[in-house]
Every structure is written in C-alpha cells, then in structure tokens.
Amino acid sequence: MARAFIRNVECRVDVDQDLGDTWAVTVVPPPARPGEPALAPLVVKLQGVDKDKSTVGALEILQKAGKIDRFDP
C-alpha cells in the first residue's frame, strides 16, 4: 500500500476505481492534534488501465505541485 508524507506526517493513500478506467487517488492525513491545523484530504483523478501506475502518477503530480513532500509506492 502506498504512503504519502506531508511535513513528515505519514498519510494513508486510498485508490478507488471511479468510472471505467478512471482512478481516484486520495491522500488522507491523520486527524489533527490539539492546537494544530487540520489538513484536508487531497484528491487526484486519473484515467488509466493500471491501478499501480495511476497511483504513482497521481502521487508524482501531488509532489511536483508541492502538496506532499514525498511518497512510497
């Protein structure tokens, strides 16, 4: 299972098949600690046949946009 990191906080990555060959890749941060701002889930939708390649592609998009710091496929 893929993992993404935002400011060294590990976030769960959910991948769901949407319509046909479309994948919704969601980076879900853990609940906020008291006194810290809550992080919103990040969603990228990609069209592709392969789930793993779509997952990596979405995480690369988020990393290049500066939304996540790094990821492990």
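Throughout, read-outs are computed from the coordinates displayed, never taken from laboratory work. Remember, predicted model here, so these are calculated numbers, not experimental data.
Descriptive notes on the structure:
- Approximate shape of the chain as ellipsoid semi-axes (Cα gyration tensor, √5λ), whole Å, largest first: 23, 12, 10
- Principal-axis analysis of the Cα atoms of the chain puts helix 51-64 at an angle of about 50° to the longest axis.
- 222 nm mean residue ellipticity, helices alone, for the chain (DSSP H n ≥ 4; -39,500 (n - 2.57); rounded to 500): -6000 deg cm²/dmol
- Extension gain from V9 to E36, taking 0.36 nm per residue of separation minus the Cα-Cα distance: 8.5 nm
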